[in-house]
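The values are calculated or read from the model by the stated rules, or taken from the named source; none is laboratory data. In this text the structure is predicted, and so the values were computed from the model without any measurement. So basically every Cβ, Gly included, is an ideal-geometry build from the backbone, and we count neighbours across all protein chains shown. Ligands, DNA and RNA are stripped out before the accessible areas are found, and what is left, the full protein with its side chains, is counted by its heavy atoms. Shrake-Rupley method; radii C 1.70, N 1.55, O 1.52, S 1.80 Å.
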Amino acid sequence: MSTPEASSGTPHRVVIIGGGAAGLELATTLGNKLGKRGRVQVTLIDKARSHVWKPKLHEIAAGSMDIGVHEVSYSAQAHWHHFRYRIGELIGLDRQRRQVHIAPFVDSDGIQVTPQRSFEYDTLVIAIGSQSNDFGTPGVADHAMRLETTADAQRFNRRLVNSCIRANAQSGPLEPHQLRVAIIGAGATGVELSAELHRTTREVISFGLDHIDPDKDLQIHLIEAADRVLPGLPPGTSAATQSLLEELRVQVHTKAKVEAVLPKGVRLADGREIPAELVVWAAGVKAADVLKDLAGLESNRINQLVVRPTLQTTRDDDIFAIGDCAACAWPEANGGKGGFVPPRAQAAHQQASLVAAQIKRRLAGKPLRDYRYRDFGSLVSLSDYSTVGNMAGNMVIQGWFARMMYLSLYKMHELALHGFWKVSLETFARMLTRRTEPHVKLH
Ligand SMILES: Cc1cc2nc3c(=O)[nH]c(=O)nc-3n(C[C@H](O)[C@H](O)[C@H](O)COP(=O)(O)OP(=O)(O)OC[C@H]3O[C@@H](n4cnc5c(N)ncnc54)[C@H](O)[C@@H]3O)c2cc1C
């Protein structure tokens, strides 16, 4: 293990691991409020160089988002908001020495950029998010794509566009799996990706791929083991979403458990096979294996760190966990029966705000406050076709109002990162320069 990176002369060291919806907002807020005045040294560590808000990944996958407009460079954000950024992946923790261990960073050519390093902390915040859970299903690792990082989404998009170009150029008839996409998991990711693909593939084809008839040749299959799409949301939202998807002729298969992913499709537990050229695994959620038994911290069966209402981990007051990687009780869930805060962007946002305040309270020697998840409902974007969701109280909403609510969630994230004036000016500029021609590109 290398020597800990020097950080002398600082009164209190806050180390945040993971610069996603939760961690980057926290680093920015703490940097602006405390880092700027030198009251704390804030260090953000992420295994990536830049941040894209995860609910936007399906737009990258479908090719409808200009990444350059929405990508935030950690180095630049750190410079402007008074925190340090270090690249690398969390691989270990020493609670006695108060050090986190970070893997060497190796670039895409296999060249090592940074060595293995350790960072000392006084307060540690773990915010490394979650990933999909394939439950050990055969063939997923070899034949399915995931949608967890910008690179995953870009890879999917390249393969999608190449499939269209290949089909357009071939002289013989299409094979049964060609131009078919199977999306496994009809949660928000699967549903949003289905609708976005429906729209953007038509735009791609309209750019001169005239041998393809989208209505006849393209098929999107959405496969869900539960008895309805969006099983985590109220039944009214599921019903409204399913009928919109069916209007788009997305083939929805509910009560359909995937037994294996094959090189050219998916086999269901009832023996049916769905041919597909591209398979996306978007089901289940778990936290990274590194959190399982991390230096004796309590974790649950999906590797989330168990936290108290203050968002401190149950076995260490100096370590907080927030966002998808935290298991935080939600006593009001399920009509008062209790449950856990769901892995959502609004929870990450709320928890980042609370932990910024908790750290200030800790420094001032004040008692910490309890976190209460405020559920403002859930919204799912069906591309430009519609937005559907529920407000608190299970009221189903749809259309323009739902769209505005959906967009406001991302605006809140942008406001936390860039402040009111920058976001207002950029939003105004985007409105002025909004192009009328299709924005999907043949990359
Ligand atoms: C495709 C998709 C669509 C979604 N749509 C919605 C939606 O519509 N509404 C909604 O509320 N939620 C949605 N979600 C969920 C939402 O994105 C998450 O709840 C939210 O991003 C969680 O924030 P987080 O900070 O905990 O994790 P993330 O935003 O995932 O950030 C985790 C960060 O940690 C870094 N990291 C991971 N492991 C390590 C490591 N070992 N060491 C160092 N760094 C690490 C990652 O690079 C990343 O930057 C969606 C998720 C996906 C994938």
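Helical runs (DSSP H, four residues minimum) scored at -39500 (n - 2.57) apiece and divided by the length of the chain put the mean residue ellipticity at 222 nm at -9500 deg cm²/dmol. In degrees, nearest 10, range 0 to 90: what is the angle between the Cα axis of helix 188-206 and the longest Cα principal axis of the chain? Here the helix axis deviates by roughly 50 degrees.
Assuming charge only on the beta carbon of Lys and Arg (+1) and of Asp and Glu (-1), the dipole of region 40-80 about its Cα centre is about 140 debye to the nearest 20. Computed from Cα positions, the angle between helix 235-247 and the longest principal axis of the chain comes to roughly 40 degrees. For region 303-355, the normalised intensity computed at q = 0.27, 0.31 Å⁻¹ comes to -1.08, -1.25 (log10 of I(q)/I(0), Debye sum over alpha carbons, equal scatterers, no solvent).
Temperature 4 °C, viscosity 1.567 mPa s: under these conditions the Stokes-Einstein estimate for region 192-337, based on its Kirkwood radius over C-alpha pairs, is 69 µm² per second. Other residues whose C-beta falls under 13 angstrom from the C-beta of Gln351 contribute a net charge of +2, scoring Lys and Arg +1 and Asp and Glu -1. Taking only alpha carbon atoms, the chain gives an Rg to Rh ratio of 0.97, where Rh is the Kirkwood radius.
Counting Lys +1, Arg +1, Asp -1, Glu -1, what net charge surrounds Thr150 among other residues with beta carbon under 13 Å of its beta carbon? Value of the local net charge: +1. Which one, Arg158, Arg228, Arg97, has the greatest fluctuation when you compute a Gaussian network model over the chain with C-alpha springs under 10 angstrom? Highest fluctuation among the options: Arg97.
For Leu233, neighbours were defined as the other residues whose beta-carbon sits under 15 Å from its Cβ, and their charges (Lys and Arg +1, Asp and Glu -1) total -2.
Only protein heavy atoms count here; under a 1.4 Å probe, Glu273 has an accessible surface of about 110 Å².
Rounded to the nearest 5, the antiparallel percentage of DSSP beta bridges internal to the chain is 50%. Helix 420-433 and the long axis of the chain differ in direction by around 20°, with both axes built from C-alpha atoms. Start at zero, step by 10 Å, and the Cα-Cα distances of region 258-304 spread as 24, 29, 21, 21, 4 percent across the bins. For the peptides 320-332, 49-61, the ranking by mean Cβ contacts within 10 Å, running from highest to lowest, is 320-332, 49-61. Taking the protein heavy atoms of the chain in the context of the full set of protein chains, the accessible area attributed to carbon and sulfur is 52 percent at 1.4 Å.
The modelled label-to-label distance between Ala329 and Arg166, using points 7 Å beyond Cα along the C-beta direction, is 5.2 nm.
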